[in-house]
Structure formats: C-alpha cells, structure tokens
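See structure below.
Just so it is clear, none of the values below were taken in a lab; they were calculated from the coordinates. Because the structure is predicted, anything quoted here is derived from the model rather than measured. Cβ sites come from the backbone with ideal geometry, for glycine too, and all protein chains shown count toward neighbours.
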Amino acid sequence: MKFEPAPLDSYAQRITMGVAYLGGLLTLPLFFAYLSNTRWAGLLIPIALAVPIALFLLLTYAAQPTAYIIEEDQLVVKRRWLRALKVPFSTIMGVSPGSSLADVPRVGLRFAFNPGVFGYQGPFHLAPYGEAFFLATNRERLVAIARQAAVPLIISPIRPRAFIEKLEEQRGQSALKAMAQREAAAEQSLQPGE
C-alpha cells in the first residue's frame, strides 16, 4: 500500500524559500557583471557562497521523500532522485505517532543535517530524545519507527493513523507467514529422509 508524504509545513516552506532566495541574490552580482561586460575578482565571493547553497538545495530536493510504501515484508521510503530506503519488518520494533516531535526544529535541536529545506532529512540529534533519522516533510504528521540496531526513523505520511494501522497489520501478517514457514521447515527436517 502506498502513502503519500504530507505537504511541506509552513516552517519548511519559509526555510526553503529563504534559502532559495539567498542563493538567487548571491548570483545577482555575477549576472549584472555579465550584462555590463565587467570582470572583477570580487565576484568570486558571492559565487563561492552561492554554489554550496545551490548544491545543498539540490541534495535536499533529491532526498525529499515522495512515497512511503508498505510491501509484504518491508517498508520502502521512495525519494526523488536518491535510492529508496528499505526497512525490513524484522528490524522494526514498534511504530507510534511522533506528535511530541512537532516542535522540532525550534526546541531541543542540537544537530540536524537538514532542518527544513524541502522537509526534514538526515540525522538529527534532539536534546530530550537522542538520535533520530528524519525523512519527513511535515512536523504535525510525524510517525516514529523504532528499529533494531539503528536510530529511529521519523517520517510524515499524509494520513499518519491509517499508515500506522496498515503498517502494524502488515507486520503482523509478515510475522505469521515467517512463523508458518519456520514450522513447515522444522516439520520437514523431522521427517525421515527417503
């Protein structure tokens, strides 16, 4: 089953637009110098600042989630241009609404790769909660997925409750299927060979 990500919240929209405008403003001196056919070394400074901003915008756009897909035995987070993130059900310990994280990144943020440009992506260190990995677009619709041997994954489907219900249902079915397969294999190994 496929769940769309929630649209960008107002904070992420403002941050995204602000960073894009800043990068655009930094390229204006080069544009005007080109139009006036002037060359001077001072143009290197705004360009040296604009290029990393443009690369960061491109990277965050590429990593933005486009779909959360619940498959038979795994959760797949599709991203725009980057490889999809696959989380096998066997590594998921629990799923819950992440409503307590709605104040991120304004409160408790100690480190974040991307706290708002095209959403919230990458590793975060939150003061009251510890480490987490975000692939979310909207702080009001967060879902926390606890994983074995990995930091929690925080996502934001457009319908969080329906997503949690469907994921828990599919995890249960996957666990029953795996248990039936183990029982069948155990029975087969107990039967005498021919």
Given the rule -39500 (n - 2.57) for each run of at least 4 DSSP H residues, summed and divided by the residues of the chain, what is its mean residue ellipticity at 222 nm, to the nearest 500 deg cm²/dmol? -14000 deg cm²/dmol
Given charges at beta-carbon only (K, R positive; D, E negative), |dipole| of the chain in Debye: 740
Quote the convex hull volume per residue of region 107-194, based on C-alpha atoms, as a whole number of Å³. 137
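Assign one of three labels to the chain, namely rounded, prolate or oblate, based on the Cα gyration tensor with a ≥ b ≥ c the square roots of its eigenvalues; rounded applies when a/c is under 1.5, prolate when it is not and a/b is larger than b/c, and oblate otherwise.
prolate
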Using a Gaussian network model of the chain with C-alpha springs under 10 Å, which one of Ala84, Ala62, Ala48 is most mobile by mean-square fluctuation? Ala48
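Take every DSSP beta bridge whose two residues both sit in the chain, then give the antiparallel share in percent to the nearest 5.
If I count the DSSP bridges inside the chain, around 90 percent turn out antiparallel.
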Neighbour-count ranking [beta-carbon atoms within 10 angstrom, fewest first] of Val19, Val107: Val107, Val19
If amide hydrogens are placed 1.01 Å from N in the peptide plane, which non-local residues have theirs closer than 5 Å to the one on Thr137? Ala6, Tyr120, Ser156
Under the classification rounded if a/c is under 1.5, otherwise prolate if a/b is larger than b/c and oblate if not, where does region 68-110 fall, given a ≥ b ≥ c as square roots of the Cα gyration tensor eigenvalues? oblate
So how do Phe111, Phe56, Phe89 line up by other beta-carbon neighbours within 10 Å, fewest first? Phe111, Phe56, Phe89
Based only on other Cβ atoms within 10 Å, what is the fewest-to-most ordering of Ser36, Ser99, Ser156? Ser36, Ser99, Ser156
Compute the long axis of helix 10-35 from its Cα atoms, compare it with the longest principal axis of the Cα atoms of the chain, and write down the angle in degrees, 0 to 90, nearest 10. 40
What is the Cα centroid distance between region 54-88 and region 150-194, reported in whole angstrom? 22
Acute angle (nearest 10 degrees) that the helix 160-190 long axis makes with the longest principal axis of the chain, alpha-carbon atoms: 40
What is the helix-to-structure angle for 44-63, meaning the angle in degrees between its Cα long axis and the longest Cα principal axis of the chain, kept from 0 to 90 and rounded to the nearest 10? 20
